[in-house]
Protein chains: 2
Amino acid sequence: MVVKYRVVKQAQSSKARIGEIITDHGKFETPAFMPVATAGAIKGVSPDEATDAGVEVILANTYHLYLRPGHRLIEKLGGLHRFMNWSGPILTDSGGFQIYSLSKLRTISADGVTFRSHIDGSTHFLSPEKVMEIQSALGADIVMALDECAPANADHDYMLNSVGLTEQWARRCMAHKKDDAQALFGIVQGGTYQELREMSAIGLVSMNFDGYALGGLSVGEDRSTREKIIRFTRELLPDNKPVYLMGVGTPEDILGSVNLGVDMFDCVIPTRNARNGMLFTSKGKLVIKNAQFAEDSAPIEEGCGCHVCSHYSRAYLRHLFLANEILAYRLNTIHNLYYYAKLMSKMRQAIREDRLAEFSRDFYAQRSNTEETRGAKTL
Amino acid sequence: MVVKYRVVKQAQSSKARIGEIITDHGKFETPAFMPVATAGAIKGVSPDEATDAGVEVILANTYHLYLRPGHRLIEKLGGLHRFMNWSGPILTDSGGFQIYSLSKLRTISADGVTFRSHIDGSTHFLSPEKVMEIQSALGADIVMALDECAPANADHDYMLNSVGLTEQWARRCMAHKKDDAQALFGIVQGGTYQELREMSAIGLVSMNFDGYALGGLSVGEDRSTREKIIRFTRELLPDNKPVYLMGVGTPEDILGSVNLGVDMFDCVIPTRNARNGMLFTSKGKLVIKNAQFAEDSAPIEEGCGCHVCSHYSRAYLRHLFLANEILAYRLNTIHNLYYYAKLMSKMRQAIREDRLAEFSRDFYAQRSNTEETRGAKTL
């Protein structure tokens, strides 16, 4: 089945909209947040817990799964969905970002990229065609074109070349696409240069991808620059395709980007921060190890409907965290995933009811109102 | 409510029997295995997962909970059951074993034991009375008298004194018992000296405890010596009280001890080994990281009814383990806890149907039949 996207509802006050993406593994509504299942597991939780927390779509890493356990192995065992026991939609990134952030001694040519594994130092070559083959073997529902994720401090000349390379690679990925059940997204690069973002977007849009991602953001640029680039680039992308902002981010960044017309997000923040004892609440962040929670019988957040808030106290969660119990990482992760899923659901509801502007005002107001946070504090 | 014990069925071919223990937090049948919730969490799993795996009763460590987060804190938050979200029966050990195995610079006097915390080096004093207070604050259903767990290589004179001290402490624990909802067990010591085991057992039995534990075993003695001591000591204990073999053990040791009339067991083996990638099957142990499982789509054990075997392949579990995913430790633990719970349930069924001897023969025969193990191997 071809992956389908349709706009369900356009907000009146902003570019925000509700969309629906239908895949062979079920459908999900956008704006959607995708937790990261780096190596074929959402760190800290099981698939059924993620589902219970409201997760509908996840992201897995091509780079990691290619290196370990290998895409051919996963294919042989029935694909990534079966391998990891996740029956919902999966998006796989192309590995571009990890090659630049994790691997060693990478060499980029027009043909592709040669790099050394961060696990064992072995040498590998990934081309656009190879990345498509890997993602096909994994059986993801949405796959990404290989891009060059240029360094944040790259100069204009470097970035110009990089945008050109990314466009060539995107074209080769499109040409190598064989499986119609997999939607293919192109990735807009260009750093913080508006004219390069424009060049990149125009080039990709002319190829008619199933969706468009904004790459190379959240790599060190300040928030207002990022917002400017998102706003500018979003205008260049067609409204009948989903737009995905890669690697973003905080609840604040997500809400801001939804208002700019972004539909999909992924980030390690909810899961990684959970493992570091940082919990999300509507009033801000809560650091569970703080002494003030030692005897606190309250849940992480009153009124939260997650499994953890229904069964465990802050005092117990603090104890588990200080005792390095595995259960600490897991319970924290369940809560944060629930928080993110619920936030997305509330945003969609607000769009549906034409009150996203009001929702956004309340969202930020609650966070600044720190005297009511029962000790929750911003990191 | 007073904790009650009754023998439901006596085996014909051995001392084995089915018993029932009724507590304020539900009842469980013996022979029973108690997974260890060291610090108020069964390592690697949640309470509901343990229940789903068939766990009915758990053990928590007085020593650990006293040091962190503190028994008064747990009492204030409603007791250990509520704190850790476990609604079934809990047995707490007295801390004796941990004081000798974990703490530093311990000094034993007739009054009690002074030791330094293994966590922060702080100095603490535990007396029989204090240990009873701690266990009362925790709210366990079954509590243990404070004992001296003498070194395995202690000579006869040391052990003679130790047995005397353990008896005095047991008497003081009994005198300090205030809560009838908590059953109190005495701990028989005496190392591998039959006459000291006899002295210890006779002394404790005269005090009419709610149950009797065999302590100081599985501390380095060989299996035949241990079996001899269990057999000998068990004969000295009343048949109308439950008998608990502390810190034991492997499936083989448990089955052997059930045949000698032991009713209760605890051990870190199923949970700790799980975290080390060692899985139990009816055909022996399976080391999940072994290369032979790399592409193995089979579950840990065909026919196993656990959640893990119903949803995940050996190949995936191996991948998770090699990638150090938290989910690896958890899924492995679920399987091992299920294996242990199922084993106990099968033993009880065999006793009920007067075929424990046959069950025991089959149990050992399956394990020696290694060519059928699909790669399962004994560590």
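The values are calculated or read from the model by the stated rules, or taken from the named source; none is laboratory data. A quick note: this is a predicted structure, and the numbers were derived from the prediction, not measured. FYI the Cβ positions are ideal-geometry reconstructions off the backbone, even for glycines, and counts take in every protein chain you see. The area values use the complete protein model at the heavy-atom level, side chains included, leaving out ligands, DNA and RNA. Shrake-Rupley method; radii C 1.70, N 1.55, O 1.52, S 1.80 Å.
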Size of segment A:156-286 as Cα extents on the principal axes (Å, biggest first): 47, 37, 26
Cα-projected label distance for residue A:206 with residue B:297, points at 7 Å along beta-carbon direction, nm: 4.5 nm
For the protein assembly as shown, accessible area per residue (1.4 Å probe, heavy atoms of protein chains only), Å²: 37 Å²
Chains B and A together, accessible area buried on both sides, 1.4 angstrom probe, square angstrom: 3100 Å²
Average Cα contact separation per residue, chain A, under 8 Å, 6 or more apart, as relative contact order %: 18 percent
Approximate spin-label separation residue A:240-residue B:108, in nm, with each point projected 7 Å along Cα-to-Cβ: 8.3 nm
Relative contact order %, segment B:141-242, counting alpha carbon pairs below 8 Å whose residues are six or more apart: 29 percent
Dipole axis of the protein assembly as shown (+1 Lys, Arg; -1 Asp, Glu on Cβ), positive-most option in A:67, B:339, B:212: A:67
Pairs of Cα atoms farther than 32 Å apart, chain B, %: 32 percent
Dipole magnitude (debye, nearest 20) for segment A:59-212, charges at Cβ of Lys, Arg, Asp, Glu: 600 debye
Largest to smallest principal axis extent of the C-alpha atoms in the protein assembly as shown, angstrom: 91, 64, 43
Label spacing, shortest first and in nm, from residue A:6 to its equivalents in the remaining copies (7 angstrom along Cα→Cβ): 6.6
Three semi-axes of the equivalent ellipsoid, segment A:254-343, Cα gyration tensor, whole Å, largest first: 25, 13, 11
Where Rh is the Kirkwood radius over Cα pairs, Rg/Rh for segment B:312-356: 1.26
Copies compared at residue B:352 - label distances in nm, ascending, label defined 7 Å from Cα in the Cβ direction: 4.8
Assigned charges on the beta-carbon of Lys, Arg, Asp, Glu; chain B dipole about Cα centre (debye): 420 debye
For the B-to-A rotation axis, chain B residue with nearest beta carbon and its distance in angstrom: B:326, 3
Which of A:51, B:250, B:114, A:233 is most accessible, then next, and so on - probe 1.4 Å: A:51, B:114, B:250, A:233
Cα-centre dipole for segment A:1-123 with unit charges at Cβ (Lys and Arg positive, Asp and Glu negative), debye to 20: 320 debye
Sites residue B:365 and residue B:6 - FRET efficiency at Förster radius 35 Å, r taken between beta-carbons, to 0.05: 0.55
Segment A:126-230 pair-distance distribution - Cα-Cα, 10 Å bins, rounded %: 16, 46, 29, 8
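How high is the FRET efficiency from residue A:155 to residue B:345, r the C-beta distance, R0 51 Å, rounded to 0.05?
According to the calculation, E is roughly 0.15.
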For residues of A:69-79, the mean tally of beta carbons on other chains within 10 Å: 3
Phi to ³J(HN,Hα) by Karplus 6.51 cos²θ - 1.76 cosθ + 1.60 over segment B:48-61, Hz, x for Gly, Pro: 5, 5, 4, 4, 4, 7, x, 6, 10, 8, 10, 10, 10, 9
In segment B:233-330, the GluC sites (Glu not before Pro) that fall in loop regions by DSSP, at most 15 other Cβ within 10 Å: B:302
Under the Karplus curve 6.51 cos²θ - 1.76 cosθ + 1.60, θ = phi - 60°, whole-Hz ³J(HN,Hα) for segment A:126-143, x wherever Gly or Pro sits: 10, 10, x, 5, 5, 5, 5, 4, 4, 5, 5, 5, 5, x, 5, 7, 10, 10
Using a 7 Å Cα-to-Cβ projection, residue A:107 label spacings across copies, nm, ascending: 6.9
Fluctuation leader among B:326, B:202, B:42 - chain B, Gaussian network, Cα springs under 10 angstrom: B:326
Inter-centroid distance (Cα atoms) of segment B:204-273 relative to segment A:111-136, Å: 56 Å
Overall dimensions of segment B:63-128 by Cα: Rg and Dmax, Å: 13.1, 37
Label point at residue B:179 placed 7 Å out along Cα→Cβ; residues across segment B:116-138 whose backbone nitrogen lies under 16 Å: B:129-138
Cα gyration tensor shape for segment B:1-106, rounded if a/c is under 1.5, else prolate or oblate: prolate
Segment B:1-119, relative contact order in percent, only Cα pairs under 8 angstrom and at least six apart counted: 18 percent
Integer Hz, Karplus 6.51/-1.76/1.60 couplings in order for segment B:269-279, x for Gly and Pro: 3, x, 7, 5, 4, 4, 5, 8, x, 9, 10
Placed amide H near residue B:9: partners under 5 Å, 5+ positions off or other chain: B:18
Nonlocal amide H pairs with residue B:106, under 5 Å, H built at 1.01 Å: B:116
Rh (Kirkwood; distinct C-alpha pairs) - segment B:234-277, Å: 11.4 Å
